[in-house]
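Following: one structure in structure tokens, then a few remarks.
The values are calculated or read from the model by the stated rules, or taken from the named source; none is laboratory data. Quick caveat, the model's predicted, so the values are computed rather than measured. Cβ atoms come from the backbone with ideal geometry, glycine included; neighbour counts cover every protein chain shown. Each accessible area value is taken on the protein alone, full model and side chains, heavy atoms only, with ligands, DNA and RNA left out. Shrake-Rupley method; radii C 1.70, N 1.55, O 1.52, S 1.80 Å.
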Amino acid sequence: MTKYVPIKTIQYELSKIRKSSNFNYQKAIERNRNNQAKNPPLTNLISFLKNKNTPEKVIDKIVGEYWAEVEKDNRYEINIANKLKMKYVK
């Protein structure tokens, strides 16, 4: 009597192989380990503020705050951008 491997097990193993050999997947793992963003949070923050019709002077002030915070601790750029969004959304 021969025993068969369940199809779900084979599919799971194949998906692991595909993921581990995928360049983009490896880069995403490295970014997550280093707490880096895939897209720069500053550009997302600026576009968000422009969509909210924020004046240019205020945007310049917010960008200054962003860079001051990033100089202190650059590992949490996404969190810094999110805090500034919450602070200046009205």
Within region 60-90, the residues that are among the acidic types (D, E), surrounded by fewer than 16 Cβ atoms within 10 Å (Cβ to Cβ) and under 26 Å from E30 (Cβ atoms) are E71, D73
Checked region 20-50 for anything farther than 27 Å from K85 by Cα and over 19 Å from the mean Cα position of the chain (by Cα); matches are S20, S21
Scanning region 50-59 residue by residue, those open to solvent by less than 100 Å² (accessible area, probe 1.4 Å) and either under 16 Å from I78 (Cβ atoms) or out of contact with any Lys or Arg (no Cβ under 8 Å at 6 or more places or on another chain) (or both) turn out to be T54, P55, V58
So the helices (runs of 4 or more DSSP H) completely within region 8-90 holding 3 or more residues that are of a type in the set (A, V, I, L, M) are 41-51, 56-72, 77-88
Expected output for region 10-39 (first residue within 20 Å of Y76 (Cβ to Cβ) and charged (D, E, K, R), partner open to solvent by less than 100 Å² (accessible area, probe 1.4 Å) and not in a loop (DSSP other than H, G, I, E, B), Cβ below 8 Å, 6+ apart or cross-chain) is K38/A28; K38/R31
By residue number, the members of region 17-29 that are open to solvent by 90 Å² or more (accessible area, probe 1.4 Å) and of a type in the set (D, E, K, R) are R18, K19
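Before we move on, is E13 out of contact with any Ser or Thr (no Cβ under 8 Å at 6 or more places or on another chain), modelled with pLDDT of 80 or more and surrounded by 10 or more Cβ atoms within 10 Å (Cβ to Cβ)?
On the way: out of contact with any Ser or Thr (no Cβ under 8 Å at 6 or more places or on another chain): yes; modelled with pLDDT of 80 or more: yes; surrounded by 10 or more Cβ atoms within 10 Å (Cβ to Cβ): yes.
Considered against the rule, which asks whether it is out of contact with any Ser or Thr (no Cβ under 8 Å at 6 or more places or on another chain), modelled with pLDDT of 80 or more and surrounded by 10 or more Cβ atoms within 10 Å (Cβ to Cβ), E13 comes out as yes.
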